[in-house]
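Coordinate-derived values only; no laboratory data. Keep in mind it's a predicted model, so treat the numbers as computed, not measured. Please note: Cβ atoms are built from the backbone with ideal geometry, for glycine as well, and neighbour counts cover all protein chains shown.
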Amino acid sequence: MTDDVGSLIESSGPLTYEKWSRGLREGVLLGQKCRSCGKVTATPVASCRNCGTRESEIRELASEGEVISETAIEVPPSGFPESYQIAIVELEEARVLGRIDGEVSIGDRVEFSDVSVVDGDPAPVFASV
Amino acid sequence: MSRASIVGAGMTPFGVHESTTAEMFAEGAFAAMDDAGVETSEIEGLYFGNAMGGLTENDTHTAPKMASHLGLNSVPCQRFEDACASSSTAFKHAVQAIESGAHDIVLVGGAEHTTGQTGMDTPEMTRVFGSAAHRQYEQSVGMTFPAMFALLTKQHMARFGTTEEQLAEVAVKNHYHGSLNSRAQFGKKIDTSEVLESPLIADPFRLLDCCPFSDGASAVVVTSVEKSDQFDGEPIDVTGVGHAHDSVPIAEKDNLVQTDAAIDATEEAYTQAGIGPEAVDFAEVHDCFTGAEVMAIEALGLYERGEGARAAENRETRLGGEYPVNPSGGLKAKGHPIGATGTAQLVELTEQLRGEAGSRQVSDANVGVAHNMGGDAASAVITVMEAR
């Protein structure tokens, strides 16, 4: 873990998009854990859907997980490649949507391997373990 | 107990319209008003659905524009944007306004262009449709509208053994229904092999698993049950409207193999109406993709979880079957002009429950359900309507 990522996790205040995307660029998937019920989400929310608590802590998520569902997109939006696969990946504590490098099926093990950037917006990329 | 009544229903054909959004909406709205026999001066408010006009046509603040074109004079009017459920959420608020006594007669409808009339090509329109996905955590990944339902459908296939052939049967059935509907965008029947040989869009969905880009408008006139006998149009009662949401982004949903928003909204609507799924004679459901219809009829309780895929295969949801689903042709064949879709479902329910649906009439139609979803299964509005 780089110092930058360590300081992100230690930083006061909630997980924001800015911290989440900075984490991605540093090679770490950041999520948040509710300080009351312990629910973990892989993307920032202002309040826990489970219990309504606003206090949460930033945590580093597992970099490896399982493909829960996937689809190969053959008709992309403008700005994206001709075809690519996306998947919902179950990390140990939370799920996240990401792009796939290569080809995967439901049940495959994948790891966070890269960041794709389209129009300046970063997204996690996963590849088969 | 009935919450409100629909006394007029009308819509344009769905397909390609060169007319402006307001011109299109006037065609649908006047059809509904003429059906009810109401004058423009009697309309006390407009509840309008339009999802993407700001992105596709640089057209916002559309409600007063529609009202002005219709000749309405200083009435409260509002536009609802809830992706593909826009005119259904407009309808929900209209029913509440009638129920509360705030208004006696209101107009509810929607209009939208999504074909090449917008000047946008397929990649640009795919991006616009994708705007319903989470801005930061889904759009950046390249999420598309078909991909949202493909992710849910792939789970359904993995969990329950649903097949591409079964999905194709949904498209075949809805095209058959569309062939009986003069307002449907696709009036042509198709067979299973045509679906399975059409190009992939987002697997498992092929071109013919997907609803088309469409232009069109639809509208209904809503009034109180007490006043509903004073109109030309035969009143059809609204006995339940349920509305719920589910998490965005899709990865945060509790369940990826079913549509929880629709399940929750169905329970609310059935409870209001005092019915269960066994009372439902037919349904218009949100079949933006074939897999979406499978999950819709499960959410409505017409089929057990995981059993929905056999419905079209066994012809149970075809006209003449146990539960006719999408007798209009659905989004798949009738077309899906986003903001117009919700009230177009109510137009079909009204015509079916009046017994005026002609060659696509559901026999003994007394209770109909409309199932309308928005975004990545994140909004659901379920409406129960009943003949008297």
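Per-residue counts of other Cβ atoms within 10 Å, averaged by peptide: what ranking do you get for A:46-57, A:28-39, highest first? Spell out each step's value before the answer.
Working: A:46-57: 13.5, A:28-39: 18.4.
Final packing ranking: A:28-39, A:46-57.
On the basis of the beta-carbon distance and an R0 of 22 Å, A:Glu92 and B:Glu267 show a calculated FRET efficiency of 0.10.
Relative to the compact-globule scaling 2.2 N^0.38 Å, provide the ratio for the alpha-carbon radius of gyration of segment B:287-364.
Rounded to two decimals, the normalised Rg is 1.08.
Relative to the longest principal axis of the Cα atoms of chain B, the long axis of helix B:86-100 lies at roughly 40 degrees. Annotation: for a label point projected 7 angstrom from Cα along Cα→Cβ of A:Ala62, residues of segment A:75-93 with backbone N closer than 14 Å are A:89-93. Using the Cβ-Cβ distance between B:Asp364 and A:Arg22 with R0 set to 60 Å, the FRET efficiency from 1/(1 + (r/R0)^6) comes to roughly 0.45.
Once the chain from B:His69 to B:Asn314 is taken as fully extended at 0.36 nm per residue, the excess over their C-alpha distance is 83.5 nm.
Run the dipole for chain B about the Cα centre, Lys and Arg Cβ at +1, Asp and Glu Cβ at -1, nothing else charged, and hand back the magnitude in debye, nearest 20. If you can, show how the numbers build up before the last one.
On the way: 24 positive and 56 negative charges, 99 e Å.
Charge dipole of chain B: 480 debye, to the nearest 20.
Return the tail of the calculated pair distribution for segment B:336-388, meaning the percent of Cα-Cα pairs more than 12 Å apart. Walk me through the numbers on the way to the answer.
Details: 893 of 1378 pairs.
For segment B:336-388, the share of Cα pairs beyond 12 Å comes to 65 percent.
Looking at the protein assembly as shown alone, DSSP beta bridges between its own residues are antiparallel in about 80 percent of cases. Check the straight Cα-Cα distances from B:Lys173 and name the aspartates and glutamates below 15 Å, setting aside those fewer than 8 residues away within the same chain. B:Lys173 reaches B:Glu164, B:Glu165, B:Asp191, B:Glu194, B:Asp209, B:Glu284, B:Asp287, B:Glu293, B:Glu313, B:Glu316, B:Glu322. Evaluating kT/(6 pi eta Rh) at 20 °C and 1.002 mPa s, with the Kirkwood radius of segment B:212-273 over Cα pairs in the Stokes-Einstein relation, gives 143 µm² s⁻¹.
Looking at chain B, the DSSP beta bridges with both ends there are about 75 percent antiparallel.
Scalar couplings 3J(HN,Hα) for segment B:32-42, obtained by applying the Karplus form with A = 6.51, B = -1.76, C = 1.60 to θ = phi - 60°, are 5, 5, 5, 4, 7, x, 9, 8, 3, 5, 8 Hz; x denotes Gly and Pro. What is the distance, in nm, between label points placed 7 Å from the Cα along the Cα-to-Cβ direction at B:Lys189 and at A:Ser78? The modelled label-to-label distance comes out at 4.1 nm. Charge dipole (Cα centre; +1 on Lys/Arg Cβ, -1 on Asp/Glu Cβ; no other charges) of segment B:185-284 amounts to roughly 320 debye. Using Cβ point charges alone (K and R +1, D and E -1), the dipole size of segment B:4-85 about the Cα centre works out to roughly 160 debye. Chain B gives an Rg/Rh value of 0.94, both radii derived from C-alpha positions and Rh following Kirkwood. Treating cross-link reach as a plain straight distance, find the lysines whose alpha-carbon is under 17 Å from the alpha-carbon of A:Lys19, omitting any fewer than eight places away in the same chain. Leaving aside lysines fewer than 8 places away in the same chain, those within reach of A:Lys19 are A:Lys33.
Computed over the protein assembly as shown, the per-residue total of -39500 (n - 2.57) for DSSP H runs of n ≥ 4 gives a 222 nm mean residue ellipticity of -9000 deg cm²/dmol, rounded to 500.
Let me confirm one metric for peptide B:133-140, namely the mean number of other chain beta-carbon atoms within 10 Å of its residues' beta-carbons. If you can, show how the numbers build up before the last one.
Working: counts 2, 2, 2, 8, 12, 4, 6, 15.
Partner Cβ neighbours, averaged per residue: 6.
When the alpha carbon coordinates of segment B:176-223 are projected onto the principal axes, the ranges are 46, 23, 17 Å, largest first. For A:Ser116, the residues 5 or more places off, or on other chains, whose built amide H falls under 5 Å of its own are A:Ala123, A:Val125. Seen against the Cα atoms of chain B and their longest principal axis, helix B:338-354 is set at about 70 degrees. Among the listed pairs B:Lys154/B:Lys189; B:Lys189/B:Lys253; B:Lys92/B:Lys227; B:Lys65/B:Lys253; B:Lys65/B:Lys334; B:Lys65/B:Lys92, those whose Cα-Cα separation exceeds 29 Å are B:Lys189/B:Lys253; B:Lys65/B:Lys253.
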